[in-house]
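Below: one structure, written as structure tokens.
The values are calculated or read from the model by the stated rules, or taken from the named source; none is laboratory data. This structure is a prediction, so every number in the text was calculated from the model and none was measured. Counting neighbours? That spans all protein chains shown, and the Cβs are built from the backbone with ideal geometry, glycine included.
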Amino acid sequence: MRPTRWLSEHEQRAWRALLAANRLLMDRLDRQLQNEAGIPHAYYEILVRLSEAPGRARRMCDLAESCLSSRSRLSHAVARLEAAGWVQRRECPTDRRGAVCELTDAGLTALQAAVPGHVEAVRTHLFDRLTEEQVDQLAAIFEAIRPALEKRRTRTGV
């Protein structure tokens, strides 16, 4: 067994700052969407992913992967969005075992109504606090981390 590579004081400070800021930011964004649009951030992300897809539709398994969600969690969220009339499920034309989720006109309208408040909240709680240089650094940091995390997720499903 390899010895534990403990975090230095400097790394510990950065790690704890990341954890706290991420939790607080996501909480603020989720509360803003709940209060103004009546939907949690996870549902907003589903609507966004569908709005960006060709024909406003994606296979459920692809949608789950793009949202970093389990299939069962996504299925539950889609059921709630279906009940609201914002998405609809249909059989996949190329694979009878699969299903496609499609953003309805009502869902697109709901998303378009939610976007301005959400973008303003992201700007207020994140980008207005940073300099242009810090925004570039933030992007570079997460662009450096992301590929290894995606590779591992694809390989292990975790």
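Residue count for the range 2-33, restricted to those that are in a helix (DSSP H, G or I) and farther than 15 Å from Val122 by Cβ: 13.
Restricting the first member to the range 2-28 and to residues that are in contact (Cβ under 8 Å) with a residue 24 or more places away in the chain, and the second to residues that are part of a loop (DSSP other than H, G, I, E, B) and surrounded by 11 or more Cβ atoms within 10 Å (Cβ to Cβ), the beta-carbon pairs closer than 8 Å and six or more apart or on different chains are Leu25/Leu126. Pairing residues of the range 45-73 that are in contact (Cβ under 8 Å) with a residue 40 or more places away in the chain with residues that are among the aromatic types (Phe, Trp, Tyr) and buried (at least 17 other Cβ atoms within 10 Å of the Cβ), at Cβ distances under 7 Å and at least 6 apart in sequence or on separate chains, gives Leu47/Trp86.
Restricting Cys101, Cys92 to those that are over 28 Å from Glu36 (Cβ atoms), surrounded by 11 or more Cβ atoms within 10 Å (Cβ to Cβ) and either in contact with a helix residue (DSSP H, G or I) (Cβ under 9 Å, 6 or more places away or on another chain) or in contact (Cβ under 8 Å) with a residue 12 or more places away in the chain (or both) reduces the list to Cys92.
Criterion first (touching a strand residue (DSSP E or B) at 6+ places or on another chain (Cβ under 8 Å), in contact (Cβ under 8 Å) with a residue 40 or more places away in the chain and aliphatic (A, V, I, L, M)) does Val87 satisfy it?
Yes; evaluated as a whole, the condition is true for this residue.
Just wondering, is there one or more residues in the range 84-98 that are assigned to a helix (DSSP H, G or I), more than 17 Å from the chain's Cα centre (by Cα) and not hydroxyl-bearing (Ser, Thr, Tyr)? Checking the range 84-98: not a single residue is assigned to a helix (DSSP H, G or I), more than 17 Å from the chain's Cα centre (by Cα) and not hydroxyl-bearing (Ser, Thr, Tyr). When the residues of the range 27-66 are filtered to those that are buried (at least 16 other Cβ atoms within 10 Å of the Cβ) and hydroxyl-bearing (Ser, Thr, Tyr), the one that is farthest from Thr109 (Cα to Cα) is Ser66. Ala106: surrounded by fewer than 14 Cβ atoms within 10 Å (Cβ to Cβ), modelled with pLDDT of 95 or more and in contact with a Phe, Trp or Tyr (Cβ under 7 Å, 6 or more places away or on another chain), yes or no? Here the answer is yes, as Ala106 does meet what is asked.
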